[in-house]
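Okay, here's the structure, questions in a sec.
Bear in mind that the values in this text are calculations on the coordinates, not laboratory data. All values reported here derive from a predicted model rather than from experimental measurement. Don't worry about glycine lacking a Cβ; one is built from the backbone with ideal geometry, like all the others, and counts go over all protein chains shown.
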Amino acid sequence: MIPRQFNNPTALRVGSAGFFEGQNATVRGHSVLRSKDGGRWDEYHVELADQSALTLVYESGLWKRFALFEPKSSLSAHDAGEVSVGEEITVGGLSAKVTYVGVSRVVSIQGSAPEGYRVGSEADYFNAAAGSDMVVVSWSGEEVEYYRGRLIPRGDVEHAFGLPEPSLLSRFWAGSGGFDSWFDSGTRLACSVLGFCFFVTVLAIRESVPTSPTAEPPAPVGAPVARLPLRAQGRLLGRLYAVAGHRLVDIADPAGRFGRHEYELTDDQGGYALLIQALARDPHQWTLFETRAGPSPIRPVEAAAYASGSRVNLGGTDCIVRELFISRTHGLDGDVPAGESVGALRHGFVAETKGGFALAQWSATEIEIFQGESVPEAQVLEAFGPLRSP
C-alpha cells in the first residue's frame, strides 16, 4: 500500500487510456517528486501511439505538459549550476527568464518511469519562462536534459482521459492544498477581500460535494532568519535609498506557504520603493519594486478576477500573471505605512513584464501596483551591509 503522503491526487492512473493531442495515449507510469523546499508535484509518463513520450505534470491544481528535446547548443552541468533566478538564458531558440533553481528528489514510482528515475534519486534543475512556454533544465552528474512545456487549459486532461471534471475551486483558483489550509482555520471571513459571493459560495459547494483527493500541502517554509538592518543607506540601481521599515510576511500560493521579508525603502527625493527578499521562495532572490505613478488602472474586484496565465494591461504595461497569493503580516518594525498591522491580510499577484515584474496587492477597498526588476544579492548587500539576525 502506498503511504498516504504519496497518494495520487488525481483520477489519472497507470494504465489510463485516452486520446490526447490527436493520438491514442496511455499512462505508463506515475512518479511523485519533491523539491528541497518541500514542494511536491506528480508526473504521469505517457506513451503516444507514434511511440513518442511526454510527461503530464500535476502541481497545485494545475496540469502542465512537458516533452524532452535536444537543443542545438547545450549547457554543461557546470554552466547550468551557475544559473541564478532572474537571469536571461537562451535554450532551444527560446529566450527565457529563470524563475526557480532547486533540487528534485524522486519519492515514489508506480509503473514505468524514464531512464534514471529511481526512488531516492536527486537532480539539480532550474525552471525558466518564455511567454506561455516553459523550459526545465535538469542535470545529475554530467548529464543534462532539456524539457519544453506549457500549461494545459483546465479540463483538457480530464476530457482526454475520460476523468471527472476538476472541482469548482480549482476552476476559479489555480491551486489546491496551499490556499485551503488558510481558509480552514478561522480565516474564512477574511476572504471578503475577494468578494463574499466568490469564495463563500465556492467553499460551501466544495465542502458539500464530494471531490477527488487533492495533493498533500507541503510543510510551510520560514523566512530567512537574518535580515537587512534598519536605517542602513546605500545605492541600489543608481539611487540612494534608506531602509525605513520592515515587514515579515507569510505567503500562501498554489505551491504552499512560505515566509519572506519586505523592506520599505525611501530615497533622497522622498520617493518610496519596496524591496522583497524571496519573491518566489529563493532567499537569494531580491526584487526592487517602485510604485506606479497615477491612479490604479484596475480596482481590487477586477484584480481578483485574474488567474495564473491571464494577460493584463497595467497602465500601458502588458503583463502575464504568473503567481497568485495571499499575504499575512506576521511582524512589523521601523516606519511602516499608516493602517499596517500584524495579522493584516492582503491578496495579490506577481506578473511578468517584458523587462521585469509587476506586483499587485490589494485589500477590500485599496490596491497598490508596483513595477520592478531583479537585483543581484551582491548589490543589495553592498548597498545595505551584511544581513543580521534580529
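How many angstrom lie between the Cα centre of segment 36-85 and the Cα centre of segment 292-326?
28 Å
Related question: About its Cα centre, what dipole magnitude does segment 332-390 give when the only charges are +1 on Lys and Arg Cβ and -1 on Asp and Glu Cβ, stated in debye to the nearest 20?
Working: 3 positive and 9 negative charges, 26 e Å.
In debye, rounded to 20, segment 332-390 gives about 120.
What does the extension gain come out to for residue 235 and residue 311, with contour length at 0.36 nm per residue minus their alpha carbon separation?
24.0 nm
Moving on. If the chain between residue 140 and residue 344 were fully stretched, how many nm would it gain, using 0.36 nm times the residue separation less the Cα-Cα distance? Working shown, then result.
On the way: separation 204, 0.36 × 204 = 73.44 nm, distance 4.30 nm.
Here the answer is 69.1 nm.
With θ set to phi - 60° and the Karplus curve 6.51 cos²θ - 1.76 cosθ + 1.60, what are the ³J(HN,Hα) couplings of segment 34-51 in order, to the nearest whole Hz, using x for Gly and Pro?
10, 9, 4, 8, x, x, 10, 8, 10, 10, 10, 8, 10, 9, 8, 4, 7, 6
Which whole-Hz couplings ³J(HN,Hα) result when phi for each residue of segment 254-270 is put into the Karplus expression 6.51 cos²θ - 1.76 cosθ + 1.60, θ = phi - 60°, listed in order with x for Gly and Pro?
Per-residue couplings from phi come out as x, 8, x, 10, 7, x, 8, 9, 10, 10, 7, 10, 10, 9, 6, 9, x Hz.
Something else: Which value, in debye to the nearest 20, describes the size of the charge dipole of segment 286-361 about its Cα centre when Lys and Arg Cβ atoms bear +1, Asp and Glu Cβ atoms bear -1, and nothing else is charged? Mind dumping the intermediate values first?
Numbers: 7 positive and 8 negative charges, 55 e Å.
Charge dipole, segment 286-361, about its Cα centre: 260 debye, nearest 20.
Can I ask one more? Set the Förster radius R0 to 22 Å, insert the Cβ-Cβ distance between residue 244 and residue 379 as r into 1/(1 + (r/R0)^6), and round the FRET efficiency to 0.05. All intermediate terms of the calculation are to be shown ahead of the outcome.
Values: r = 19 Å, r/R0 = 0.86.
Using R0 = 22 Å, I get an efficiency of 0.70.
Sticking with this structure for a sec: In nm, to one decimal, how far is the residue 7 label point from the residue 389 one, both placed 7 Å along Cα→Cβ?
So the label points at residue 7 and residue 389 sit 4.0 nm apart.
Placing +1 at every Lys and Arg Cβ and -1 at every Asp and Glu Cβ, with all other atoms neutral, what dipole size does segment 4-151 have around its Cα centre, in debye to the nearest 20?
On the way: 14 positive and 19 negative charges, 135 e Å.
So the dipole magnitude of segment 4-151 works out to roughly 640 debye.
Could you pull out every residue, at least 5 positions away or on a different chain, whose amide H is within less than 5 Å of the one on residue 14? Hs are placed 1.01 Å off N in the peptide plane, and Pro or chain starts have none.
Placed amide hydrogens put nothing under 5 Å from residue 14.
Put a dot 7 Å past each Cα toward the Cβ at residue 17 and residue 88; how far apart are the dots in nm?
With each label placed 7 Å out from Cα toward Cβ, I get 4.9 nm.
If the reach is capped at under 20 angstrom between alpha carbons, list the lysines near residue 97, excluding any in the same chain fewer than eight residues apart.
64, 72, 354
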